[in-house]
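Novice: What follows is a structure written as C-alpha cells; I'll ask about it next.
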Amino acid sequence: MKTLQTYTLNSLEINDNSRLLKEDSKATAALMNFSYSTRMALNADMPVPDAYQIMTAENSQINYVVNDHHELLGIVSRNWLSSDNLMKYTDKNHGPSFWSVFDLMLPISELPAVDDAQLQDVTVLDVLETFRSIQRDFMLVLDSNGQMRGLLSAEDMIARLEHAPTFRDKGGEVLEILRQLRESHGLEPLQVVNG
C-alpha cells in the first residue's frame with residue numbers, strides 16, 4: 001500500500017490576478033491558473049442573457065465554458081455577451097435570447113498554447129510581444145504532460161501593468177492598438193476580477 005504525499009494550499013503558487021504587474025515581472029505572475037481558479041464555469045447550452053447576468057453578478061470578465069461532462073470547451077468574455085456587442089449580430093427574427101454561450105465562445109481549439117516551462121524564463125513584456133506577433137489576445141498554458149494549466153490574457157496583463165509597455169521593437173504598441181479598438185468599438189476595458 002502507498003501513502004499519498006499531502007500539502008497545504010499555501011505552499012502552492014496561486015496567482016493573485018488583481019495585483020499590478022511590471023514589464024519585467026515573471027510571466028508566471030500573469031497566469032490565470034485553471035486548477036485553483038475561483039471563476040465559475042458556464043455551461044455551453046446556457047442562454048446568453050442568463051450567462052451575462054451571472055457574469056455581471058459575480059463581477060467576472062472571463063469565464064470558462066464547459067459541456068455537460070464538465071469538459072472545457074472554450075472561454076467567453078462578458079463583453080462578448082453584452083447587449084451592445086450582440087446588436088451587431090441580431091436581426092428581427094433571431095435575438096440574443098436564441099443564442100447560447102457556445103455560439104459566442106472562443107473554442108479551446110482556436111487558442112494558441114505555450115509550455116509552462118517557457119514562462120519561467122520570460123517576462124510580462126516578452127509575453128505581450130508574443131501576443132502582438134501572433135495577433136491573438138489569449139494563450140493557453142500547458143504543463144509538460146500536455147494538460148491545461150491556465151490562461152494568459154493580453155488585456156488582463158495590460159490592465160494590470162503599472163505603466164504602459166515600451167516594446168523593444170518599433171513595430172507597434174499593443175496597448176495603443178487595444179485602446180483604439182476599444183474606443184472604435186465602444187468596448188469597456190477587460191479587467192479580470194475573479195482570478
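What follows draws every value from the coordinates through simple rules; no lab data is involved. These figures come from a predicted structure and were not determined experimentally. All Cβ positions, even for glycine, are placed from backbone atoms using ideal geometry, and neighbour counts span all protein chains on display.
Novice: How far apart, in nm, are two points set 7 Å out from the Cα along the Cα-to-Cβ line at Leu72 and at Arg136?
Specialist: About 1.3 nm separates the two model spin labels.
Novice: Taking amide H positions as placed in the peptide plane 1.01 Å from N, state which residues far from Val66 in sequence (5 or more) or on other chains have amide H under 5 Å from it.
Specialist: For Val66, whose amide H was placed from the backbone, the distant partners under 5 Å are Leu42, Asn43, Ala44, Leu73.
Novice: Pop out the ³J(HN,Hα) list for region 148-162 in order, Karplus 6.51 cos²θ - 1.76 cosθ + 1.60 with θ = phi - 60°, rounded to Hz; leave Gly and Pro as x.
Specialist: Whole-Hz 3J(HN,Hα) from phi for region 148-162: 5, 9, x, 9, 10, 10, 4, 5, 4, 5, 5, 5, 8, 5, 5.
Novice: Also: Check Val141: other-chain or 5+ apart residues with amide H under 5 Å from its amide H, H built from backbone geometry?
Specialist: Sorted by chain and number, the residues that satisfy this are Val114, Arg149, Gly150, Leu151, Leu152.
Novice: Order these peptides, 80-88, 123-131, by their mean beta-carbon neighbour count within 10 angstrom, highest first. Walk me through the intermediate numbers first.
Specialist: Values: 80-88: 15.2, 123-131: 20.3.
Packing order, densest peptide first, comes out as 123-131, 80-88.
Novice: Can you order the peptides 112-122, 22-32, 144-154 by their average number of other Cβ atoms within 10 Å per residue, highest first?
Specialist: So the order, starting with the most tightly packed, is 22-32, 144-154, 112-122.
Novice: Now a separate question. How many angstrom separate the Cα center of region 141-162 from the Cα center of region 67-86?
Specialist: About 18 Å separates the Cα centre of region 141-162 from the one of region 67-86.
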